[in-house]
1. Using the Kirkwood radius over C-alpha pairs as Rh, can you work out the diffusion coefficient of the chain via Stokes-Einstein at 25 °C, viscosity 0.890 mPa s, in µm² per second?
2. From Cα pairs below 8 angstrom and at least 6 apart in sequence, can you work out the relative contact order of segment 78-194, rounded to a whole percent?
3. List the residue ranges in the chain for DSSP H helices whose C-alpha atoms run 27 angstrom or more along the long axis and whose Kyte-Doolittle average is -1.0 or above.
4. What number, in percent, do you get for the relative contact order of the chain if the mean sequence gap of Cα pairs under 8 Å and at least 6 apart is divided by its residue count?
5. Quick one: which of 40-51, 225-236, 122-133 comes out on top by average Cβ neighbours within 10 Å, and what's the full order, highest first?
Amino acid sequence: MPPLLSIIVPALNEEGRLPDTLAQISGFLQAQRYTAEVLVVDNGSTDRTAEIAAEFSRLHPGFRLLQHARRGKGLALRLGMRAARGEYRFICDADLSMPIEEVNRFLPPALEGYDIAIASREAPGAVRYGEPAYRHWIGRIFNALVRSLAVPHFQDTQCGFKCFRASVAEDLFSVQRLDGWTFDVEVLFIGLQRGYRVVEVPIHWTYNSGSRVRPLRDSLTMLADLFRIRRNWRRGLYARAGSPS
């Protein structure tokens, strides 16, 4: 029988944070009544990330390591989502900027009747801790572009914690194409075009100075990606298998 929950942790050069993160996730899951698995996806690390994840998986049933030579968070999540077996599939950043205990707010009975649930740092009830003002405003500017060009209505598409029902994850990540940071927008764009129900979940979130996002350079790349998403849609690249383009 498949587990209720799959937690997918993309991990690029995370040897410093990964041991504590995996220990926290393991401790949390041991206290739950539902079944779960954890997939750590290492794609292109040059440090001991893979070694740490492999050793932890050897000692903790339910943890697995996936590896790929090419980098990119979108690629890592595509691999993880398609390898997962859970009824709900949760993206979890390795920095745990959202406390792992908040995962239960994305699962029944706390939350039901959705296809995609996205953690939001902007929805009413959300709290941010320690984020520099310039990072916040860069994020707001990018979100305005996202709402204008791809995904209207949602105030925070880039938070690194999201939950998908299994069938929805399998559908969306079978056609998702972007390897980089903008995979979030791409998946949500396709999901809305498919008619999936998307909800925002306000969370408590702590800024981590070790973020791998480079605000200026990555923002320009992500802006180009917004136009790429719309172009891919017009070209029929997100069509379901067997569907006419």
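Values in this text are rule-based calculations from the coordinates and carry no lab data. Just so you know, these numbers come straight off a predicted model, no measurement behind them. Cβ coordinates were reconstructed from backbone atoms using ideal geometry, including for glycine residues, and neighbour counts include every protein chain displayed.
1. Once the numbers are plugged in, D ends up at 134 µm²/s.
2. That works out to 40 percent.
3. 215-234
4. It comes to 23 percent, rounded to a whole number.
5. Those peptides, ordered most packed to least, come out 40-51, 225-236, 122-133.
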